[in-house]
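A short reminder: the numbers here are calculations on the coordinates, not readings from a lab. Keep in mind the model is a prediction, meaning the values are calculated, not measured. Please note: Cβ atoms are built from the backbone with ideal geometry, for glycine as well, and neighbour counts cover all protein chains shown.
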Amino acid sequence: MNVPDNLLYTKTHEWIRREGENIRIGITDHAQAELTDVVFVELPKVGTQVEAQAPTAVVESVKAASDIYAPVKGTVVEANDALTNNPALINSDPFGQGWIFALKIDNADDLKNLQTAQAYKDQIG
Amino acid sequence: MSSSAEKKTPLYDEHVRLGARIIPFGGWLMPVQYTAIVDEHQAVRNAVGMFDISHMGQFVVLGNGARDWLNAMLTNNVLKLDVGQGQYTFLLNDNGGVIDDLLVYRTGEAEFLLVVNAAKVEEDFVWLEGHRQYADVTTLKNRSADFGGVAIQGPRVVNLFDELLGRDVELPARNCIRDFVIEDMPISIARTGYTGEDGVEVFFRAQDAAKLWNLVLERGKEFGAKPCGLGARDTLRLEMCYPLNGSDLSAERNPIEAGLGFFVDLEKREFTGRDKLLETKTNGARERLVAFKMNGKGPPPRPHYALFSNGNRVGEITSGTLSPSLNIGIGMGYVSAASAKIGTPLEVEIRGQKFPATIQKKPLYKKQS
């Protein structure tokens, strides 16, 4: 399973890429493999303020709907509209074109609570 | 339910070996998918898919009173079955509510096989035991533990069985059952299924399960055969609007409300639940099970989402998914009779937002011929 070293991770299988003031968020390769067949993504509205661990997007497979959580407190600055027509990008390119939303973070210190690639690898075994 | 309480079918080790994702279902540990639901769904629609149905229950009813007793217990007309024929039918409670939906096969002059839902084996058996007639000349046996079963479904099933049985051996006709031997394994093949494709359900001794399973996968390779899980089984059956007991059927709903009156013979003078069904038939059902399709792309409908018509809540979804064949959200649900006509616009409430849908004729999927 692909777990890029340059990203941070949550216990709930989101990945986080630091981009200056902002972070970009998606779900991991492991998560997409578990879900399989993503058929719908509900994106957050740009400008929405979210708390850490707030359900912010929804990824639906054939079988079930799964909440995607904001890893830290912040404001939604981008949502990946490409997923509206092609939700399967989450399956084919989870760390790239399958990103879900981007947040402007309130406090960069909050990122310290997230786990490293190694810790996430240990988590998923 | 703790995982230790769940039973394993005789094919459990094969599922694990194939890397299936296993979930608890009806008291059993069952494969929900091996690769992906959509792939497995398409294998059944276009080639061949094989499902483990060993969790389903088998009752054998034997003796001179078997035929008349079953005819009083079940809604369809058992007297119409010749030896080797089967029919879809219901076991009802005194209120006409569904205890189980099942297949009954007449396997001999005075011998019947009932194939019942996994989660209902105990309840069905207790009910039947408690309503014995002709008990001096009729026996009822729960043989569920003795048999394994697979459903082999898809347009290329006939080609596969030409390989397995030889070209000169024909499969039983639709809804019929017959005994065969494959590589010294005695098996019963019933021409039926839960997918809308041509196919069979095969029953065999539990000890032969793994050998038969692997034989079918091996010989099926050239026909595109794939092992398929409960996920695809659910999307396939829902496209056909086949009900799932516990979701679309329950002890509080009767077959007339579910739109399955075709499998109820009200001409029969006596069977459990008859009075209630006659009443529903005469007065009209208060609510009906309808099938619907979402009007456009959007989140898939799911069980328990509310259904609205003209702004009023008219019912709730019992089954819903994204249809892999139609690539749009589909579902079924009970709605008030006034809102149950084909073509009626509905709205599905999903996470606080309403999405338009339209009631459709069943089945939702029709094979292009």
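So what is log10(I(q)/I(0)) for segment B:208-366 at q = 0.08, 0.13, 0.15, 0.18 1/Å, when the Debye sum runs over its Cα atoms only? Computed log10 I(q)/I(0) values: -0.30, -0.68, -0.83, -1.03. For the protein assembly as shown, the Kirkwood estimate of the hydrodynamic radius, built from every pair of different alpha carbons, is 24.7 Å. Considering only alpha-carbon pairs that sit under 8 angstrom and 6 or more positions apart, the relative contact order computed for segment A:12-109 is 34 percent.
A:Leu43 sits among other residues whose Cβ lies under 11 Å from its own Cβ, and their net charge, with Lys and Arg +1 and Asp and Glu -1, is -2. Directionally averaged projected area (segment A:12-109, Cα convex hull): 5.4 nm².
Counting each DSSP H run of 4 or more residues in chain B as -39500 (n - 2.57), what helix-only mean residue ellipticity at 222 nm follows after dividing by all residues, to the nearest 500 deg cm²/dmol?
On the way: 8 runs with 75 residues, N = 369.
Computed ellipticity for chain B at 222 nm equals -6000 deg cm²/dmol.
Which one of B:Asn64, B:Asn117, B:Asn312 has the biggest mean-square fluctuation once chain B is modelled by GNM with Cα springs under 10 Å? Highest fluctuation of the listed residues: B:Asn312. Using the Cβ-Cβ distance between B:Arg351 and A:Asn113 with R0 set to 35 Å, the FRET efficiency works out to roughly 0.80.
In this Cβ point-charge picture (+1 for Lys and Arg, -1 for Asp and Glu), segment B:286-360 has a dipole of about 60 debye about its Cα centre.
Looking at segment A:33-83, which trypsin sites (Lys or Arg not before Pro) are in a loop (DSSP not H, G, I, E or B) and have at most 12 other Cβ atoms within 10 Å? Answer in residue order: A:Lys45.
Could you tell me the convex hull volume per residue, in Å³, taken over the Cα atoms of segment B:286-360?
Working: hull volume 5.5 nm³, N = 75.
It is 73 Å³ per residue.
Charge tally around B:Phe25: other residues with Cβ under 15 Å, Lys/Arg +1 each, Asp/Glu -1 each, net +4.
Extents of segment A:26-68, largest first, come to 29, 17, 13 Å (Cα atoms, principal axes, whole angstrom).
With a cut-off of 8 Å between alpha carbons and a minimum separation of six or more residues, what is the relative contact order of chain B in percent? Walk me through the numbers on the way to the answer.
Values: 829 pairs, mean separation 64.7, N = 369.
The normalised contact order for chain B reaches 18 percent.
Running a GNM on chain B with Cα contacts under 10 Å, which residue among B:Gly261, B:Gly196, B:Gly97 ends up with the highest mean-square fluctuation? Of the options given, B:Gly261 has the highest mean-square fluctuation.
Kirkwood hydrodynamic radius, segment B:82-142, all distinct C-alpha pairs: what's the number in Å?
Values: mean 1/r = 0.0800 Å⁻¹.
Computed over segment B:82-142, the radius equals 12.5 Å.
Of the residues A:Asn113, B:Leu277, B:Ile22, the one whose Cα sits farthest toward the positive end of the charge dipole of the protein assembly as shown, with +1 on the Cβ of Lys and Arg and -1 on the Cβ of Asp and Glu, is B:Leu277.
With a cap of 12 neighbouring Cβ atoms within 10 Å, and only residues DSSP puts in a loop, list the GluC sites (Glu not before Pro) found in segment A:42-83.
On the way: sites: A:Glu42, A:Glu51, A:Glu60, A:Glu78; in loops: A:Glu51.
In loop regions of segment A:42-83 (DSSP not H, G, I, E or B), the sparsely surrounded GluC sites (Glu not before Pro) are A:Glu51.
What the phi angles of segment A:99-107 give under the Karplus curve with 6.51, -1.76 and 1.60, with θ = phi - 60°, is a coupling list of 4, 10, 8, 10, 10, 8, 8, 6, 9 Hz, glycine and proline written as x. What FRET efficiency, computed as 1/(1 + (r/R0)^6) with R0 = 56 Å and r the Cβ-Cβ distance, is obtained for B:Leu165 and B:Ser336, rounded to the nearest 0.05? After rounding to 0.05, the efficiency reads 0.65. Size of segment B:241-323: Rg and Dmax of its alpha carbons, in Å, are 15.0, 49. Taking B:His15, B:His41, B:His304 in turn, the Gaussian network model of chain B (Cα-Cα springs below 10 Å) assigns the largest fluctuation to B:His304. Along its principal axes, chain B has C-alpha extents of 62, 50, 46 angstrom, given from the largest down.
Loop only by DSSP, 12 or fewer other Cβ within 10 Å of the Cβ. Give me the trypsin sites (Lys or Arg not before Pro) in segment B:78-132 that pass, ordered by residue number. When the trypsin sites (Lys or Arg not before Pro) of segment B:78-132 are filtered for loop state and at most 12 Cβ neighbours within 10 Å, nothing remains.
Assuming charge only on the beta carbon of Lys and Arg (+1) and of Asp and Glu (-1), the dipole of the protein assembly as shown about its Cα centre is about 980 debye to the nearest 20.
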